[in-house]
Amino acid sequence: EEEEAKLQNGGFFPCPAGGIPSGTALEEPLRSCRLQAERRGGAAAESPSPPRSPGGDAGSRALAAPGARSCRDRAEPAALPPAPLGFTDVNLNSRNTYEVSRRRSAPEHLPHGGTAPAEPAPPPQEPAERARHRVGIAGAGSSFAEFFTRNFFTKRTKELKPAVQSAPGWKLFGKVPPRENLPKDSKIIQQEYEARTGRMYKPPPPSARRKNIEFEPLSTTALILEDRPANLPAKSVEEALRHRQEYDEMVAEAKKREIKEAHKRKKIMRERFKQEENIASAMVIWVNEILPNWEGMRATRRVRELWWQGLPPSVRGKVWSLAVGNELNITPELYEIFLSRAKERWKSFSETSSENDTEDAGASVADREASLELIKLDISRTFPSLYIFQKGGPYHDLLHSVLGAYTCYRPDVGYVQGMSFIAAVLILNLEEADAFIAFANLLNKPCQLAFFRVDHSMMLKYFAAFEVFFEENLPKLFLHFKSYSLTPDIYLIDWIFTLYSKSLPLDLACRVWDVFCRDGEEFLFRTGLGILRLYEDILLQMDFIHIAQFLTKLPEDITSEKLFSCIAAIQMQNSNKKWAQVFALLMKDNKEGDKNHSPAPKS
């Protein structure tokens with residue numbers, strides 16, 4: 001009987017006896033559901049539907065079915081035993097209207113006294129006719145709203161099954177929780193795949209090769225022990241043994257190279273520690289004994305031997321200043337005067353055009369001082385690997401000031417390319433004013449003055465003196481150079497202009513400067529002969545172009561021990577004549593030649 005009553009009511013149980021009490025306000029969706037139940041119940045009883053109030057809403061009219069009857073005409077089935085209600089799905093679309101789907105949710109998924117969402121918001125005010133219509137269909141006793149609310153709008157409990165989440169009709173007035181798309185673990189995904197496909201994944205067994213190898217080279221050489229792919233024929237026993245032997249040989253060679261490099265590193269470290277100890281002990285001697293008694297001890301044999309071994313960096317600048325001297329009597333105040341003049345010149349260059357500055361051609365002072373503009377171009381090329389003299393570096397402005405002040409101090413010399421390297425080495429070892437004093441006195445030496453003033457006759461005499469000792473010490477290489485007509489000016493000019501600071505590594509160039517301050521210009525040419533002796537075997541295999549390129553840019557791996565051993569092997573004597581005597585004879589011969597070629601005086 002219960003099932004038959006449900007079929008007659010369209011899947012719903014009839015309303016309780018007594019109808020709906022008057023004055024009970026139903027929410028819009030509840031009223032839609034009630035009207036649906038009434039119309040379906042009326043269709044089952046085959047009785048005409050009561051007339052609707054003209055004030056009813058359009059949504060209720062659209063949901064009404066023909067032949068429905070009201071709830072008060074169906075009070076007889078109220079005596080049936082209570083059972084769970086059936087309910088059609090009602091969804092809330094984006095325009096806040098309600099749609100009733102024909103799919104009915106299964107009532108067995110909702111337990112008696114089940115859960116319902118939170119209470120809905122109060123409904124909007126309705127027209128008077130619609131309210132009167134609701135009052136007309138209401139009755140006495142337990143109301144339909146109370147029964148409906150008691151079954152569907154109670155507090156949510158934990159007895160709700162997950163299947164209810166799939167029925168959107170039960171979530172009409174509540175907040176539907178979002179789907180929990182939590183990231184799955186790889187093992188869970190693998191298990192789901194195995195359960196779905198029925199296949200079991202077996203990881204490949206770990207390879208048992210090369211378990212007891214002590215040395216693993218960091219390269220692909222160990223791939224020789226790998227087995228071939230499955231689509232290729234397997235290795236034979238002989239081939240596998242041969243590959244094992246080749247691999248062992250490669251490992252042994254790698255071990256030998258590693259041991260050799262380790263010994264080399266240890267040797268370098270031992271030499272460095274020994275050098276640091278020698279420098280530390282020498283510094284104590286220089287500070288406590290030599291420098292306080294400079295004039296009396298500078299020419300002694302002990303001091304000259306310590307000088308040859310190299311000056312400690314902490315006393316290098318001081319010893320250079322004392323060795324070079326200050327014959328020009330330059331003071332720090334004089335440096336400030338010429339520096340201010342240089343700054344004025346730079347300011348005038350920025351305000352006026354270069355045409356006005358170089359208007360008057362000739363050997364005037366203004367022309368020489370105009371070389372201040374060349375300093376900016378040359379500073380950026382000074383020790384570019386150090387990045388301290390380039391624009392923005394810590395010593396850029398300092399180097400610019402020293403060179404600018406010297407250009408104003410010696411306008412007869414001006415600025416010549418190569419001076420920036422000499423000034424930079426002095427700045428690295430001396431204060432600003434002391435560096436300028438040493439720079440000006442160093443460039444006042446006869447050899448440097450001849451080269452920087454481009455005195456061709458004096459430069460040729462220095463080249464000739466160099467060739468005399470070149471032929472004396474390295475006759476085979478001298479003849480090789482002669483065969484290609486390779487003259488000393490091709491490689492010596494760059495060495496002398498920069499005092500080897502551009503051609504040699506900086507630390508090695510500073511050691512050359514140490515002995516140059518002790519022996520003077522003679523050591524510059526002796527160092528050149530030492531470089532030629534060091535690379536004699538290589539130079540004998542080269543032609544003109546390669547020799548010029550090689551001597552212009554010397555190898556970077558040159559060491560001070562090798563170079564100074566070759567310099568020590570150079571004998572600066574020719575027929576029991578030293579450098580100064582040979583150079584004086586060349587000067588005398590040159591003067592006599594000038595007298596012989598001079599025109600006879602008129603009578």
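The values are calculated or read from the model by the stated rules, or taken from the named source; none is laboratory data. None of the values given here were measured: they were computed from a predicted structure. Quick reminder, even Gly has a Cβ in these numbers, built from the backbone with ideal geometry, and neighbours come from all protein chains shown. With ligands, DNA and RNA removed, areas are computed over all heavy atoms of the protein, side chains included. Shrake-Rupley method; radii C 1.70, N 1.55, O 1.52, S 1.80 Å.
Below is a table of values for the structure above.
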item	result
Residue-level accessible surface for Ser236, protein heavy atoms, 1.4 Å, Å²	50
Projected label distance in nm at Ser565 and Arg257, using a 7 Å step from Cα toward the beta-carbon	2.7
Reciprocal mean inverse distance between Cα atoms of region 452-591 - Kirkwood radius, Å	15.5
For Gln417, net neighbour charge (Lys/Arg +1, Asp/Glu -1) across residues whose Cβ lies under 14 Å away	+1
Of Leu334, Val315, Trp346, farthest towards positive along the dipole that unit charges on Lys, Arg, Asp, Glu beta carbons give region 312-353	Val315
Mean accessible surface per residue for region 239-309, computed with a 1.4 Å probe while every protein chain stays in place, in Å²	79
Dipole magnitude of region 445-534 about its Cα centre (Cβ charges: Lys, Arg +1; Asp, Glu -1), debye to nearest 20	80
Three-way shape label, region 452-498, alpha-carbon gyration tensor, a/c 1.5	prolate
Largest to smallest accessible area among Tyr409, Tyr535 [probe 1.4 Å]	Tyr409, Tyr535
Probe 1.4 Å - accessible area at Asp494, Å² to nearest ten	50
Exposure ranking of Leu586, Leu374, Leu399 by accessible area [1.4 Å probe, largest first]	Leu374, Leu586, Leu399
Rounded accessible area of Met572 (nearest 10 Å², 1.4 Å probe)	10
Space enclosed by the convex hull of the alpha-carbon atoms of region 239-309, per residue, Å³	68
